[in-house]
Protein chains: 2
Amino acid sequence: MNLLLLEEGDLIAPDRALLQGRRLRHLHEVHRAEAGDSLRVGLLGGAMGEGRLLSLEADRAELQFSLEQAPPAKLPITLLLALPRPKMLRRVLQTVAAMGVPRLVLLNSYRVEKSFWQTPFLEPAAIREQLVLGLEQARDTVLPEVVIEKRFKPFVEDRLPALAAGTLGLVGHPGPWPACPRAVDGPLTLAIGPEGGWIPYEVEKLQEAGLDPVQLGERILRVETAVTALLARLF
Amino acid sequence: MNLLLLEEGDLIAPDRALLQGRRLRHLHEVHRAEAGDSLRVGLLGGAMGEGRLLSLEADRAELQFSLEQAPPAKLPITLLLALPRPKMLRRVLQTVAAMGVPRLVLLNSYRVEKSFWQTPFLEPAAIREQLVLGLEQARDTVLPEVVIEKRFKPFVEDRLPALAAGTLGLVGHPGPWPACPRAVDGPLTLAIGPEGGWIPYEVEKLQEAGLDPVQLGERILRVETAVTALLARLF
């Protein structure tokens, strides 16, 4: 937690907050904070700045803060991701939030196991929890938008062309494709497949929607690693 | 497991292996393999190729294989990493092996908690297990060398200058440094700090050993994400 992220519900005055639960425990157990300590804070969806612990007890902490700094810029990207397995999903959500992706589409694919769609980690509160952890890690305050598309074809045929219009559209896919470009200017739409990759039909449909396949070399990376590697190379 | 990695001890003939344990369970449970199936295989430290399951039973499988393909090239880098917390260490070892880092130095730092050095995950067999998982993921056969340096100063003063000689030396560190370069030619020595970063004294000592600080933007990334992002940008 490199940023203490406050929510509207924590505020007891425009410049004061009351903390309980996970963030309080973190202050005690990880930061080993004491009353009087200064901390970096941010308001979810708002600005960032400094806070000072007015009091810190076992069951609550009170904090005074001032927020003057804008959160870091997001990357100009929409990321489409074949739904990863539940454990990976949680980490990917943190990574996506930490890296500054503003919009994530979780998409079905032939190689996404049907059971993955049943995971409680897809519930809005569970998604939000992981995104908040990513924001706290990276020092950002703005939640990415997460869209869930359980049907590949209607999404790719009906909605993706408009989403990708005016952007550089790419599909990360192993094979005899051009190498993924570097340091791209301007907005991007990037699709990353499931473990085992997109099937050829899906690559064709993504191409029809305006996305060009690119590859990252012969090594097969886990989804989380591929997301980070592609973003780091593209921006 | 995108590559079935065989070890010398598995071989019952130059072109035949007997599988038990984790890899056998994986064939049953994840691959749902059957006798006659073809698989990608590699010999630890050797070549890669195709294998065919001659038999597959609950407690053993027999495989015939031929190996004609060289493993993928490694990155020309020595990676120095402040020892991460045990859970992160395991994932980082997988990532390092998957990304093709040939030499990793796990190093002490002021902000590495002393207890991290006590973890059983630092035992050679535990390190090897995670590296093998990374190789199986990425389709590589060559284990990275992992060196453990529990004392920062003697390593950085006495051994690092020779290790970094003739390479581009970089320290990933947040702050007012030049941006991390892209698509570097030639060998690299890269140092990545602990959660919370190197302390100024450590940055100075690394600079004296020939490493220049570079930064990756204002977002603070987890160690595993920073490793992937820096490697993807540098190569």
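Quick note: the coordinates plus some simple rules give every number you see, no bench work behind them. Not measured: the values here are computed from a predicted model. Note that we place each Cβ from the backbone using ideal geometry, even for glycine, and neighbour counts take in every protein chain shown.
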Whole-Å distance, taken between Cα centres, linking region A:200-214 and region B:141-195: 39
Karplus 3J(HN,Hα) series, Hz, for region A:3-18 with 6.51 cos²θ - 1.76 cosθ + 1.60 (x for Gly, Pro): 9, 8, 9, 8, 10, 3, x, 7, 7, 10, 6, x, 10, 9, 9, 10
So the angle from the long Cα axis of helix A:223-234 to the longest Cα principal axis of chain A, reported in degrees to the nearest 10, equals 90
If a/c stays under 1.5 just call it rounded; otherwise compare a/b with b/c (prolate if a/b is bigger, oblate if not). Do that for region A:42-160, with a ≥ b ≥ c from the square roots of the Cα gyration tensor eigenvalues. prolate
Peptide B:89-95: average number of partner chain Cβ atoms within 10 Å per residue? 2
Using only Cα atoms, locate the centre of region B:87-120 and the centre of region A:52-121, then give the distance between them in Å, rounded to an integer. 25
Burial-style ranking of A:187-196, B:175-184, average other-beta-carbon count within 10 Å with highest first, yields A:187-196, B:175-184
Partners for A:K87 among lysines (Cα-Cα distance below 18 Å; same-chain residues under 8 apart left out): A:K114, B:K87
Whole-angstrom Cα spans of region B:141-209 along principal axes, big to small: 38, 32, 24
Once a ≥ b ≥ c are taken as the square roots of the eigenvalues of the Cα gyration tensor of region A:77-234, is the result rounded (a/c under 1.5), prolate (a/b larger than b/c) or oblate (a/b not larger than b/c)? rounded
Note down the net charge around A:F155, summing +1 for each Lys or Arg and -1 for each Asp or Glu among other residues with Cβ under 12 Å from its Cβ. +1
Would you kindly derive the ³J(HN,Hα) couplings of region B:125-130 from the backbone phi angles with the Karplus curve 6.51 cos²θ - 1.76 cosθ + 1.60 (θ = phi - 60°), listing them in order in whole Hz, with x for Gly and Pro? 5, 6, 4, 4, 4, 5
Point-charge dipole on Cβ atoms (K/R +1, D/E -1) for the protein assembly as shown, about Cα centre, debye to 20: 220
Each residue of B:213-219 has, on average, a number of other protein chain C-beta atoms within 10 Å of its C-beta equal to 4
Return the average number of partner chain Cβ atoms within 10 angstrom of each residue Cβ along peptide A:98-107. 1
What's the percent breakdown of Cα-Cα distances in region B:1-95 across 10 Å bins, shortest bin first? 15, 41, 26, 16, 2
Shortest-first nm distances, A:H28 label point to equivalent points in other copies (7 Å, Cα→Cβ): 4.5
Starting from 0.36 nm per residue, how many nanometres of slack lie between A:A35 and A:A183 once their C-alpha separation is accounted for? 48.8 nm
